[in-house]
Amino acid sequence: MKIYQLAAQSLSELGVRTVFGLMGDANLAYVGDFVEHHGGEFVAAVVEGGAVSMADGYARMSGGVGVASVTHGPAVTNCTTALVEAVRSRSAVLLLTGSTPDVRDHFQDFDLEGFARLTGAEYRRVRRADAVGTDIAEALARVAATRIPLVLDLPYDLLEIEVARESPRAVPPPPVPGAP
């Protein structure tokens, strides 16, 4: 099983039914697999910020986690205003994107962690191919518990790596501090 297949399976098994987004090379494989093999719904946006806004609205209306997915580079920058709004409104939004291919001077190279920091969102990066299911589960649980949007970086270079099938385990949400 390839990482993109595992990512799609993990989203489905963890209860994600709808992903809002705009497809590009960083997310095309797992979004396609999510729809074709796991019965997921993909709601296409005209612009990336619209996808984040749709995920934000979904989170606010459903009480669940809204998931958006965009490709890397300039696509991520188009999410800035919508992600800042989600952060300020404490919406449970997970933004899936990916680092550009690890080649010298890639024309779409972009600092995803710095972007997340700029918007006030949290940032996590999938560092090991065999942990993608667990990383997605932890990201969903964290967003649900803290209601702070999170940017999950699923690097492009990991997507085609073969791994043994891993079932994502449900992760208990972290404790949320009480009101002062």
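The values are calculated or read from the model by the stated rules, or taken from the named source; none is laboratory data. Model, not experiment: these values are computed from the prediction. All Cβ positions, even for glycine, are placed from backbone atoms using ideal geometry, and neighbour counts span all protein chains on display. Remember, those area values only see protein heavy atoms, side chains included, never the ligands or the DNA or RNA. Shrake-Rupley method; radii C 1.70, N 1.55, O 1.52, S 1.80 Å.
Specify which of the listed residues (Thr119, Thr146) is modelled with pLDDT of 85 or more, polar (S, T, N, Q) and in contact with a Cys (Cβ under 9 Å, 6 or more places away or on another chain).
Result: Thr119 is the single residue among Thr119, Thr146 that is modelled with pLDDT of 85 or more, polar (S, T, N, Q) and in contact with a Cys (Cβ under 9 Å, 6 or more places away or on another chain).
Scan the range 95-102 and give yes if some residue there is of a type in the set (Asp, Glu) and either out of contact with any Pro (no Cβ under 8 Å at 6 or more places or on another chain) or surrounded by 15 or more Cβ atoms within 10 Å (Cβ to Cβ) (or both), otherwise no.
Here is the first cut: in the range 95-102, the ones of a type in the set (Asp, Glu) are 102.
With either out of contact with any Pro (no Cβ under 8 Å at 6 or more places or on another chain) or surrounded by 15 or more Cβ atoms within 10 Å (Cβ to Cβ) (or both) added as a condition, the list becomes none.
Within the range 95-102 (the criterion being of a type in the set (Asp, Glu) and either out of contact with any Pro (no Cβ under 8 Å at 6 or more places or on another chain) or surrounded by 15 or more Cβ atoms within 10 Å (Cβ to Cβ) (or both)), the answer is no, since none of the residues qualifies.
Go through the range 45-56 and count every residue that is open to solvent by less than 40 Å² (accessible area, probe 1.4 Å) and either out of contact with any Asp or Glu (no Cβ under 9 Å at 6 or more places or on another chain) or not β-branched (Val, Ile, Thr) (or both).
Going residue by residue through the range 45-56, those that are open to solvent by less than 40 Å² (accessible area, probe 1.4 Å) are 45, 48-52, 55-56.
Now drop any that are not either out of contact with any Asp or Glu (no Cβ under 9 Å at 6 or more places or on another chain) or not β-branched (Val, Ile, Thr) (or both), which leaves 45, 48-51, 55-56.
Of the residues in that region, 7 qualify.
For the range 1-44, which residues satisfy the criterion of being of a type in the set (A, V, I, L, M), open to solvent by 20 Å² or more (accessible area, probe 1.4 Å) and out of contact with any Pro (no Cβ under 7 Å at 6 or more places or on another chain)?
Within the range 1-44, Met1, Leu22, Met23, Leu28, Ala29, Val35, Val43, Ala44 meet the criteria.
Every residue in the range 109-143 that is out of contact with any Asp or Glu (no Cβ under 7 Å at 6 or more places or on another chain), among the charged types (D, E, K, R) and closer than 16 Å to Tyr4 by Cβ, please.
Passing the criteria: Arg128, Asp135.
Can you name the residue in the range 10-41 that is of a type in the set (D, E, K, R) and in a loop (DSSP other than H, G, I, E, B) and, of all such residues, is nearest to Tyr156 (Cα to Cα)?
Checked the range 10-41; the qualifying residue nearest to Tyr156 (Cα to Cα) is Asp25.
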